[in-house]
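Structure, as C-alpha cells:
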C-alpha cells in the first residue's frame, strides 16, 4: 500500500514506488482516480461477493500498513508516506506534544493532561505535522462524504486539493464522471467510501447488510469503469485495511485487569488488535511478566523497541524525530487469533464492536488493488 501511495504521488517516500504492468501508463494518463473503499479486504471481497466484478477485476493483492487501520492507512494514501514517517499510528494516538491521548480522525481528546490545548486549531497544528501529498503539479481533487469533508483531518490532509462532498453513491459516481469528462489538464482524484467498514464494525464482517452494501458499491464501480473505455484515465480501486470478527467474549476490557491497568501512566493507545502501553517507570521491569500472566492466552507482549528496530511501521523513520517512539510507548500488546483489547473509560458503556482490525492477520492486512486503464479497455461484469 505504501508503495502504491509512493507511485501515485511521486513522493519522496522511503518506500519504492509500486511497479506493475497495469500501472505502465499511470503517469501519462490525464486523469488518475484513487477510490478507497474502507474495510474492503481481500477476505471480505471473497466472502461477500466471490463472483463479483471487483474480485474478477482484481489486479493484485497489497499489504496494508501497520497498524492496519484507517488512521494509519488513509494518512499514507494522502501523504505518500508510511506510518514510520507520518507517525499517526492508530485510532487512539499517544501525543506527548500536546500532553494527551487523542483520536486523530475526529480530533477529539481521549485523555487530557495539564498542558493539552483547548483550542482545536492548536491541537490540529500539533498533531498533524506531515504535509499532504495533494499539492500538484496535477490538479488535485478530493471527494469525501459531506460529514467529514470539513473536518480538521480532512482539511490538513487534503492539501491544496479542491474539496467536493457527496451525499449518495449516485452523487459520488456522477461527480467522478463529470470530473473525468470535463478534464482539460492532468488531474488526480481521491475518492473515499467509509460505509462498509462502519457496518462491519457493528454487524460483523459477513452480515447480510455488508453483502448488500458491497454489491451496491460494486455495481457503481463496474458501471463507472465501463465509461472509461477508450478514455485517457486510470482508475485504481483499493482499501485501507480488511477486518476480522471478534466474538464478544474475546473482546477484552482493560478495566477487568486492574493490576495491569495500574502499571500504565496513561490509557492504552492504538487499536483493539494492537495496544501501545506507556508504563510507569517503576513497573517497566515486571510489566512483561505481568502481561504474560494475565493476558498471555490472548496477546503477545513485545518491547516497543523491537517494532521500531524491525521497521514494523515502515522504513525511513527519522531518528531525530522523537514522535514515533513516543507514540508506541514502552511495550506493545499484539493480540492473538481473534482476540481484542479495549481500554474504555470507566464511565462509558462498553462498545459493541464485532468487526475489528489493526493487527497482522491476513484478514486485516491483505487488500485488493483493481487497476482499470481506459486506454487498455475494460472487461465487462458478465
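Computed from the coordinates by the stated procedures, all read-outs in this text should not be read as laboratory data. Just so we're clear, the structure is a prediction, and the values are computed from it rather than from any experiment. Glycine gets a Cβ as well: all are built from the backbone with ideal geometry, and neighbour counts include every protein chain shown.
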### Message
Compute the angle between helix 169-181 and the longest alpha-carbon principal axis of the chain, please, reported from 0 to 90 degrees and rounded to the nearest 10.
### Response
50 degrees
### Query
Quick one: which of 238-246, 344-352, 12-20 comes out on top by average Cβ neighbours within 10 Å, and what's the full order, highest first?
238-246, 12-20, 344-352
### Task
Relative to the longest principal axis of the C-alpha atoms of the chain, give the angle of the C-alpha long axis of helix 208-226, reported between 0 and 90° and rounded to the nearest 10°.
40 degrees
#### Entry: On Cα atoms only, tilt of 70-79 relative to the major axis of the chain in degrees
50 degrees
### Query
R0 = 25 Å: FRET efficiency of residue 206 with residue 149, Cβ-based, nearest 0.05?
0.20
### Query
Shape of the stretch 91-228 from its Cα gyration tensor (a ≥ b ≥ c, root eigenvalues): rounded if a/c is under 1.5, otherwise prolate when a/b > b/c, or oblate?
oblate
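What does the helix-only formula give at 222 nm for the chain: each DSSP H stretch with n ≥ 4 adding -39500 (n - 2.57), the total divided by the residues, and the result rounded to the nearest 500 deg cm²/dmol?
-8500 deg cm²/dmol
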## Note on the structure
The rounded separation in angstrom of the Cα centers of the stretch 267-311 and the stretch 227-249 is 32 Å
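Which order do peptides 122-135, 63-76 fall in by mean Cβ count within 10 Å, highest first?
Details: 122-135: 18.1, 63-76: 26.7.
Answer by packing, highest mean first, reads 63-76, 122-135.
FRET efficiency for residue 198 and residue 223, Cβ-Cβ distance as r, R0 = 22 Å, nearest 0.05?
Details: r = 23 Å, r/R0 = 1.06.
Efficiency for this residue pair is about 0.40.
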### Query
Expressed as a rounded percentage, what relative contact order does the chain have, with Cα pairs under 8 Å and six or more residues apart?
29 percent
### Query
What's the center-to-center distance, using Cα atoms, between the stretch 65-117 and the stretch 129-208 in Å?
20 Å
